[in-house]
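What follows is a single structure, and I will ask about it in a moment.
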Amino acid sequence: MVCEKDPLVQKITDLYDQISTLDSLKPSKDVNMLFTQLVLTCMPPTHIDVTKLCKKVQQMRSKLIRICGEAEGLLETHFSTIVASYDNPLHHLNIFPYYTNYLKLSQLEFNILTKHCSNVPNKVAFVGSGPLPLTSIVLASFHLKTTSFHNYDIDPSAKSKALRLVSSDPDLSRRMFFHTTDIMDVTNGLKEYDVVFLAALVGMDKGEKVRVVEHLAKYMNPGAVLMLRSAHGARGFLYPVVDPCDLRGFQVLSIVHPTDEVINSVIIARKFPMPKHCSAEHPVGPMKLPNKCFDIDMLNPLLNHVNLMEELDIEDQLS
Ligand SMILES: C[S@@+](CC[C@H](N)C(=O)[O-])C[C@H]1O[C@@H](n2cnc3c(N)ncnc32)[C@H](O)[C@@H]1O
């Protein structure tokens with residue numbers, strides 16, 4: 001059990017106390033300084049397992065994740081507006097301070113996707129795309145150049161802001177679509193996608209995340225791929241952690257934990273083909289191989305020498 005006496009937890013708690021008393025979470029010198037300190041504190045690999053926190057620290061973590069989510073939304077809105085003020089917004093994405101992080105995260109997600117999928121996806125959904133849909137833009141621009149991207153966001157302002165970024169680009173304006181809706185209200189439309197990305201901030205606690213995943217399991221096409229963003233170690237104080245056991249209805253193929261400035265872990269899973277004895281209401285549980293398969297490879301050369309830990313690829317185990 002990890003409690004508040006742990007030195008790392010004490011440091012995170014101290015930063016939480018300062019951040020939670022800020023008048024506003026909008027980007028400013030103080031906000032940027034505190035969140036930079038928080039990210040640098042949570043980034044290094046650590047012994048901490050956020051599923052084993054004492055009640056008091058768990059409560060602080062839940063509040064901190066929501067605060068980080070709100071601040072991230074405000075940061076993306078702030079920079080989306082600045083980038084959109086240029087004639088060719090897509091040539092100015094590097095104004096966003098975490099643009100290179102998204103380049104690396106999208107490269108990693110593309111490498112993982114191509115490792116498990118032989119065909120180039122025709123249609124991809126990104127759930128929780130936000131006012132600055134960098135993942136869709138980077139994947140569409142550099143990696144999946146014939147794929148169409150359907151971006152879903154519950155926030156009405158996200159669509160109008162995102163459209164201002166891509167509408168001046170002849171290629172992306174034809175391949176990028178934006179929908180304002182709660183993903184829980186999208187049903188049979190989910191069947192159209194070869195790949196669904198689920199943003200880290202959709203489902204802010206375990207219960208919410210599981211409900212979203214179960215909804216996707218119910219309506220996604222059998223055999224379609226789900227790419228989820230999670231967190232590992234102390235990074236679990238910044239983002240919700242997705243446990244393979246939460247992925248009922250999916251076969252978990254690989255889990256990758258970057259150890260550099262790419263904060264999110266990446267999980268790739270495939271929706272089971274619907275067995276005869278199951279129905280959409282009662283999806284089959286995840287095929288989770290015994291834990292002995294979940295060895296940690298410090299560096300997997302197949303993934304372009306990105307600094308990461310990879311939990312062994314399940315499909316290799318099955319072959
Ligand atoms: C701020 S963006 C940040 C995306 C971030 N890069 C990530 O990977 O999570 C997260 C977006 O998810 C959206 N969102 C949260 N819950 C949602 C839901 N149930 N359906 C659709 N969008 C949702 C929020 O409105 C927000 O704009």
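Got the relative contact order for the chain handy, in percent, Cα pairs under 8 Å and 6 or more residues apart? Mind showing how you got there, number by number?
Details: 559 pairs, mean separation 50.5, N = 319.
For the chain, the relative contact order is 16 percent.
Given the alpha-carbon gyration tensor of region 204-256, what are the semi-axes of its equivalent ellipsoid in whole angstrom, ordered largest first, with each equal to the square root of 5 times an eigenvalue? Working shown, then result.
Numbers: eigenvalues 84, 33, 12 Å².
Equivalent ellipsoid of region 204-256: 20, 13, 8 Å, largest first.
Additional query: Dividing the convex hull volume of the Cα atoms of region 1-107 by its residue count, what figure in Å³ per residue is obtained? Let's see the in-between values first.
Details: hull volume 12.0 nm³, N = 107.
It comes to 112 Å³ per residue, whole-number rounded.
Let me test this: with uniform point scatterers at the alpha carbons of region 85-176, what is the Debye-based log₁₀ I(q)/I(0) at q = 0.15, 0.21, 0.22 1/Å?
Each listed q maps to, in turn, -0.56, -1.11, -1.21.
Across region 1-274, how large is the tail of the calculated P(r) beyond 31 Å, expressed as a percent of all Cα pairs?
Summing the P(r) tail past 31 Å for region 1-274 gives 25 percent.
Another one. Summing +1 for each Lys or Arg and -1 for each Asp or Glu, what net charge is found among the other residues whose Cβ lies under 13 Å from the Cβ of residue 186? Write down the numbers at each step before the final one.
Values: positive: 191, 218; negative: 153, 182, 185, 192.
For residues surrounding residue 186, the net value is -2.
Right, another one. Just how much of residue 154 is accessible, in Å², when a 1.4 Å probe is used and the result is rounded to the nearest 10?
110
Mean Kyte-Doolittle of at least 1.6 plus a Cα span of 30 Å or more along the axis: flag which DSSP H helices in the chain meet both, please.
Both cut-offs are met by no helix.
May I pose another question? How large is the helix-only mean residue ellipticity at 222 nm for the chain, computed as the sum of -39500 (n - 2.57) over DSSP H runs with n ≥ 4, divided by its residue count, in deg cm²/dmol to the nearest 500? All intermediate terms of the calculation are to be shown ahead of the outcome.
Values: 9 runs with 114 residues, N = 319.
Using -39500 (n - 2.57) per qualifying helix, the result is -11500 deg cm²/dmol.
Over region 1-156, average the accessible area per residue using a 1.4 Å probe and give it in Å², no decimals.
49
Report for the chain the percent antiparallel among DSSP-assigned beta bridges with both residues inside it, nearest 5.
Numbers: 19 of 38 bridges.
Bridges in the chain that DSSP calls antiparallel: roughly 50 percent.
Further question: List, in order, the whole-Hz ³J(HN,Hα) value for each residue of region 248-264 obtained from phi through the Karplus relation with A = 6.51, B = -1.76, C = 1.60 and θ = phi - 60°; use x for Gly and Pro.
Here the 3J(HN,Hα) series is 4, x, 10, 9, 6, 9, 6, 10, 10, 10, x, 10, 9, 7, 6, 6, 6 Hz.
The values are calculated or read from the model by the stated rules, or taken from the named source; none is laboratory data. Bear in mind the structure is a predicted one, so any value in this text is a computation, not a measurement. Quick reminder, even Gly has a Cβ in these numbers, built from the backbone with ideal geometry, and neighbours come from all protein chains shown. Calculation scope for accessible area: heavy atoms of the full protein, side chains included, ligands and nucleic acids excluded. Shrake-Rupley method; radii C 1.70, N 1.55, O 1.52, S 1.80 Å.
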